[in-house]
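Below is one structure, written out as structure tokens; comments come after it.
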Amino acid sequence: MLLSKKSTRNAKPSARCPLEAAASIATDFNVSEIARLMAKSPTTLSNKLNTNIDSHVLTLQEAIAIQHITGDSRILNAWAYSEGKTVIDLPEVGLSDDELADQVLHLQETIGDFAKTFRLARQKGVITQLDFNAIQKNTLSIISTALQLNAEIEQMVRPDPNGPVAAKSASLKVA
């Protein structure tokens, strides 16, 4: 997955448009089974997934239900893409103290790899696709590791026994 708008300009329509993404569900999954689990008519759901039929419109609630049933996030990903965003899975929490320390060290290593790869690519005077792929891999690893650390640290938050009761701060949400 490439993160820039320029690099995804030629992505297939189902990756760029949430309506096309929804329509592609019909070719990759059993719509009758999805409809049954949603307590909907298979014909109605098929019509809602068909971009050529204007009389039936897929609702947000139905799109969410389809994602939960299929385990497929293509509609969400296409919606985010169409708004110039990306979707990143939030990590599970539950690392030990040693594992958390290892994650911090891993983050620092990845940042170092990112900087070295970028410096070497610039030193050549041109950033090739191969260079960019390595840089992007490091970028995604940095983001994932940082989110993992943030989630772990958030689980460590406890009320200050010596201070006044404070309102809980909002969790980090990536749109």
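D54 passes every criterion in (1) surrounded by 14 or more Cβ atoms within 10 Å (Cβ to Cβ); (2) modelled with pLDDT under 95 apart from (1).
Examine segment 41-48 for a residue that is closer than 13 Å to R74 by Cα and either at pLDDT 95 or above or not aromatic (F, W, Y) (or both), and state whether such a residue exists. No, segment 41-48 has no match at all.
Please go through segment 57-77 and give me each residue that is open to solvent by less than 40 Å² (accessible area, probe 1.4 Å) and not hydrophobic (A, V, I, L, M, F, W, C), ordered by number. Listed by number, the residues that qualify are E62, T70, D72. Evaluation of L90 against the conditions (1) touching a residue at least 40 places away in the same chain (Cβ under 8 Å); (2) open to solvent by 70 Å² or more (accessible area, probe 1.4 Å); (3) in a helix (DSSP H, G or I); (4) of a type outside the set (F, W, Y) shows that the sole unmet condition is (3).
For segment 93-121, a residue qualifies if it is hydrophobic (A, V, I, L, M, F, W, C) and not in a helix (DSSP H, G or I), and the qualifying residues are V93, L95. For the residues A80, A146, A39, the requirement of being closer than 22 Å to A23 by Cβ and open to solvent by less than 60 Å² (accessible area, probe 1.4 Å) singles out A80. Summed over segment 149-166, residues that are open to solvent by 70 Å² or more (accessible area, probe 1.4 Å) and either touching a residue at least 12 places away in the same chain (Cβ under 8 Å) or among the aliphatic types (A, V, I, L, M) (or both) total 6. Do the conditions hold for A80, that is, is it under 30 Å from L49 (Cβ atoms), small (G, A, S) and out of contact with any helix residue (DSSP H, G or I) (no Cβ under 7 Å at 6 or more places or on another chain)? When the stated conditions are applied, A80 passes them. Report whether or not L100 is open to solvent by less than 60 Å² (accessible area, probe 1.4 Å), more than 27 Å from K137 (Cβ to Cβ) and without any contact (Cβ under 8 Å) to a residue 60 or more places away in the chain. When the stated conditions are applied, L100 does not pass them. A residue that is outside any helix (DSSP H, G or I) and either under 26 Å from I88 (Cβ atoms) or in contact (Cβ under 8 Å) with a residue 40 or more places away in the chain (or both) occurs nowhere in segment 36-54. Considering T145, T110, T128, T117, the condition of being on the phi < 0 side of the Ramachandran plot and at pLDDT below 90 is satisfied by T145 alone.
The values are calculated or read from the model by the stated rules, or taken from the named source; none is laboratory data. Remember, it's a predicted structure, so these values are computed and weren't measured experimentally. Glycine gets a Cβ as well: all are built from the backbone with ideal geometry, and neighbour counts include every protein chain shown. Remember, those area values only see protein heavy atoms, side chains included, never the ligands or the DNA or RNA. Shrake-Rupley method; radii C 1.70, N 1.55, O 1.52, S 1.80 Å.
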